[in-house]
Each structure stands twice: as structure tokens, then as C-alpha cells.
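Scroll down for the structure; my scribbles are underneath it.
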Amino acid sequence: MANQLIIQLQNIAKSYKIGTEVIHALRSVSLEIYKNEYVALMGPSGSGKSTLMNVLGCLDSPSDGEYILNGKSVAKMLDAELAEVRNKEIGFVFQSFNLLPRSTTLDNVMLPLVYAGYSKEERIKRAKEVLEQVGLGSRMMHKPNELSGGQRQRVAIARALVNNPSIILADEPTGNLDSKTSVEIMALLEEIHKQGNTIVLVTHEEDIAQHAHRIVRLKDGLVERDYKNENITLVSNRMNTLAN
């Protein structure tokens, strides 16, 4: 593990007011994530993992505490800076894929590059590169409804990778997939990690979390446990199990 600190959370809290009731989604979370780590945020529904994911992705602001991303305080960033961080520093992979239904695979993957100001020629070149990387070189002109669930998630992963982000945030990336396809997607994430990417995976599924090298367990808005995974599930083993 490289010693470059990418994410630093200091006593992060997040509260919501619903009517007269105050919901404490996060109470006091402190966390450090370094370059090229592969971390799973685990926890049951209501544990705070989705809220934490939104804070990490700069999609939501904490009520209290400080978030330092790549050495910069997120709270001090202007809206334009935050938009740039979400576009260039963080690659998002969602459970529901979030693809544009009328756009081709290539256009979906190129989209973040449009906002980043790349020329059309550069956008096409880079999008083709990442689609080849995720094994979809032959599906570039297909639309989402012409792809399987696993292929759609590969498109989403390619879109997340296209800007060479510091962090890949994967929110329940196998939630809508069958067991065999889930293993294929986890194999792809494993390969992306090996190439030097930092991955933060949010899941409530124990077997999916076991692919990560470090597991952070959340309960009632607090970090219950944070430990190195000594029994990492190798995708090749799971593939053999499914084949038998």
C-alpha cells in the first residue's frame, strides 16, 4: 500500500430533520483511506453507509466534522470546484447503472469527458480505450437496452474510469445482478485495483465485501470495526465454485 493519503474524515456527522424528529445518520466517523487501497464499507440498512458514500462522493455535505480529499478541505471548495472534483477525482458506479437510455455505449462513456472539456477526438479515443479495458470493444454502438445487466454495469465502470479518477466509488455494484454476473463484475473491479486504482465499495452483502482488502463495518452511524481482510475472496475461486 502506498502511503499517499487520499481521503481523511475527521469526526464526520450527518443529521436530517424529518418533521420534529432528528435522524443521526452519521454520528462521529473518522477514517483514512490511502492510494491503491480496496475498502468495503459494510453495514445493514440504516447503518449510515449510504450517507457516508454520499459524503465521500461530495454529493452531500456533513453537518459536522471535516473531509480532506487529496489534501484539500471539501468544505472550503466552491460549487464549481466541487463539480470538478465529482467529475475528475471520483468515478461513480451505481447499482442501477444510471446510463442514458437513448445514447450508445460510447456516448455514455464519453459524457464525463464532455464536462471535462476534452475535444471530440480525445473523447472518442479515451472512451474506446476504457471500453476495450472492460471487455466491451465490440459493443460500442449498442444502446443500454441492447445489453445484458452485466454489460451495462461494465459500461458504468468504463464511464467511472474514463477521467482517470483518484477514487472509484462503487455503490452496491452487484445489487441488480445474478450470482455469475456478480462474480464477473467483482473480477473486473479486482483487475482495476491491481492496475493502481483506489476502490471504495459500499455493500450489505458479506460475500461481496470479502473481495476487499480492508473492511469497515458501520453500525448506527459509527465505525464498529475497521480491519484488514485476512481472508480475501479470490474471484477465480468463486468462479470455480459456480462452475461446479
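The values are calculated or read from the model by the stated rules, or taken from the named source; none is laboratory data. Remember, predicted model here, so these are calculated numbers, not experimental data. As a convention, Cβ positions derive from the backbone with ideal geometry for all residues, glycine included, and neighbour counts pool all protein chains shown.
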When only residues in the stretch 190-216 that are without any contact (Cβ under 8 Å) to a residue 40 or more places away in the chain and part of a helix (DSSP H, G or I) count, which is nearest to SER47 (Cα to Cα)? ASP207
Look at GLU184 and say whether it is among the charged types (D, E, K, R) and either in a helix (DSSP H, G or I) or under 18 Å from GLY91 (Cβ atoms) (or both). yes
For MET141, the lone unmet condition from (1) over 30 Å from ASN231 (Cα atoms); (2) hydrophobic (A, V, I, L, M, F, W, C); (3) at pLDDT below 95 is (3)
Just one of (1) within 20 Å of GLN10 (Cα to Cα); (2) assigned to a loop (DSSP other than H, G, I, E, B); (3) of a type outside the set (Gly, Ala, Ser) trips up GLU224, so point out which. (2)
So if I check each of MET186, MET239, which one is at pLDDT 90 or above and either buried (at least 18 other Cβ atoms within 10 Å of the Cβ) or over 17 Å from ALA158 (Cβ atoms) (or both)? MET186
With the condition kept exactly as written, say whether any residue in the stretch 108-115 is within 21 Å of ALA83 (Cα to Cα) and of a type in the set (Ser, Thr, Tyr). yes
Taking into account only those residues within the stretch 194-233 that are surrounded by 16 or more Cβ atoms within 10 Å (Cβ to Cβ) and of a type in the set (Gly, Ala, Ser), which is nearest to ILE167 (Cα to Cα)? ALA212
Of the residues LEU113, LEU99, LEU52, LEU56, which single one is touching a helix residue (DSSP H, G or I) at 6+ places or on another chain (Cβ under 8 Å), crowded, with 20+ Cβ neighbours inside 10 Å and under 26 Å from GLU205 (Cα atoms)? LEU99
Applying the selection to the stretch 68-84, what residues are in a helix (DSSP H, G or I) and surrounded by 11 or more Cβ atoms within 10 Å (Cβ to Cβ)? VAL74, ALA75, GLU81, LEU82, ALA83, GLU84
I'd like the residue in the stretch 6-48 that is in a strand (DSSP E or B) and free of Cβ contacts under 8 Å to residues at least 40 places away in the same chain and, out of all such residues, is nearest to ASP64 (Cα to Cα). TYR16
